[in-house]
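Reading through the structure tokens given below for one structure.
The values are calculated or read from the model by the stated rules, or taken from the named source; none is laboratory data. Predicted model only: the values in this text are computed from it and were never measured. Here the Cβ is made from the backbone with ideal geometry for all residues, glycine too, and neighbour counts use every protein chain on show. Protein only, heavy atoms only, side chains kept; ligands, DNA and RNA dropped before computing areas. Shrake-Rupley method; radii C 1.70, N 1.55, O 1.52, S 1.80 Å.
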Amino acid sequence: MTVACALGAIAAFLFFFDLFFDSFAAGHSRHSMEVLIGWFVGAFVLYWVLWFWRRRQGVNVDLAFKEIPIE
């Protein structure tokens, strides 16, 4: 499993690298890059706003990821 995941990660990186420098597939216009960066920044801000909001309510959001789910 580790070897398969490592090979998959390498393949995904090479695929990303190939598409990033392909002007036809990537579409590196200024507008598309601004929209992409805006989505990432907006998601980051939204995550932390909701994290702090739930923390003020007394909910420790980090505990949701400490327990292994039942299978």
What do you reckon, is G58 open to solvent by less than 90 Å² (accessible area, probe 1.4 Å), small (G, A, S) and part of a helix (DSSP H, G or I)?
no
Please name all residue pairs, on different chains or six or more residues apart, with Cβ atoms under 7 Å, provided the first residue is in segment 19-46 and is of a type outside the set (K, R) and open to solvent by less than 80 Å² (accessible area, probe 1.4 Å) and the second residue is part of a helix (DSSP H, G or I) and modelled with pLDDT of 75 or more.
A25/L19; A26/L19; A26/F20
Exactly one of F15, F40, F44 is modelled with pLDDT under 90 and part of a helix (DSSP H, G or I), and that residue is F15
Checking A6 against (1) small (G, A, S); (2) surrounded by 10 or more Cβ atoms within 10 Å (Cβ to Cβ); (3) outside any helix (DSSP H, G or I): exactly one of these is not met. Which one?
(3)
